[in-house]
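For reference, the structure is listed below as structure tokens.
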């Protein structure tokens, strides 16, 4: 009996040696990276508010008008998202990078797309991107930027507390002078998104800051998630 007990204990130790590193490796992989894009479903909904500062966006102080985005259709072209009235529509590719944006004011086409996601998304990744947008009002922009996957952070916003992956994009864009389209102006920008797997890798907190060099002036935008409703 003692011999059998000894064998059983050794077998148990062997199982621990095999199983626990596997579990640890899986957990480490989940912490360090997101391997594939989530599966979106028609009816998935996110509601955001704009704010005057990042702290206000986190705490929900002095919110602006609600901005609601609902998944309307998924087809070979991509993922179609709109506001409840359908007056603003956005087309994304399978990784949820924006391809087109349409409203009463203008139609915008991004080439190849507005780069928000690159799967797998690994902490420490850093890469350069170039893209552009073409607008039917003639205000085209060309962008050059660097994207960094900074790391995981716990973020609290009006919709709740989330474990989110912080991704930062910094760079500049060139665009025509409205008074003389042959003249190009340059603007610098920084965009930071905190993407949460719990809400299908949509941002729960977002900031956009841009400034115009010798022309002076700047623009800031801060946004956080107010509520969400995800379909199974």
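The values are calculated or read from the model by the stated rules, or taken from the named source; none is laboratory data. Since the structure is predicted, the reported quantities are computational estimates derived from the model, not experimental observations. Methodologically, a virtual Cβ is constructed for each residue, glycine included, from the backbone with ideal geometry; neighbour enumeration extends over all protein chains shown.
Per the conditions (1) part of a loop (DSSP other than H, G, I, E, B); (2) touching a residue at least 12 places away in the same chain (Cβ under 8 Å); (3) surrounded by fewer than 18 Cβ atoms within 10 Å (Cβ to Cβ), the sole criterion not satisfied by residue 95 is (3).
Within segment 51-79, the residues that satisfy the criterion of being surrounded by 18 or more Cβ atoms within 10 Å (Cβ to Cβ) and part of a strand (DSSP E or B) are 51, 69, 71, 78, 79.
Every condition in (1) surrounded by 15 or more Cβ atoms within 10 Å (Cβ to Cβ); (2) modelled with pLDDT of 95 or more holds for residue 173 except the one numbered (2). Inspect all residues belonging to segment 111-127 and state whether any of them is surrounded by fewer than 14 Cβ atoms within 10 Å (Cβ to Cβ), touching a helix residue (DSSP H, G or I) at 6+ places or on another chain (Cβ under 9 Å) and assigned by TED's automatic domain parsing to the domain that holds residue 219. Yes, segment 111-127 contains at least one residue that is surrounded by fewer than 14 Cβ atoms within 10 Å (Cβ to Cβ), touching a helix residue (DSSP H, G or I) at 6+ places or on another chain (Cβ under 9 Å) and assigned by TED's automatic domain parsing to the domain that holds residue 219.
Which members of segment 210-232 meet the condition of being surrounded by 13 or more Cβ atoms within 10 Å (Cβ to Cβ) and at pLDDT 95 or above? Reasoning before the result, please.
Going through segment 210-232, the residues surrounded by 13 or more Cβ atoms within 10 Å (Cβ to Cβ) turn out to be 210-212, 220-228, 230.
Answer for segment 210-232, where residues must be surrounded by 13 or more Cβ atoms within 10 Å (Cβ to Cβ) and at pLDDT 95 or above: 222, 223, 224, 225, 226, 227, 228, 230.
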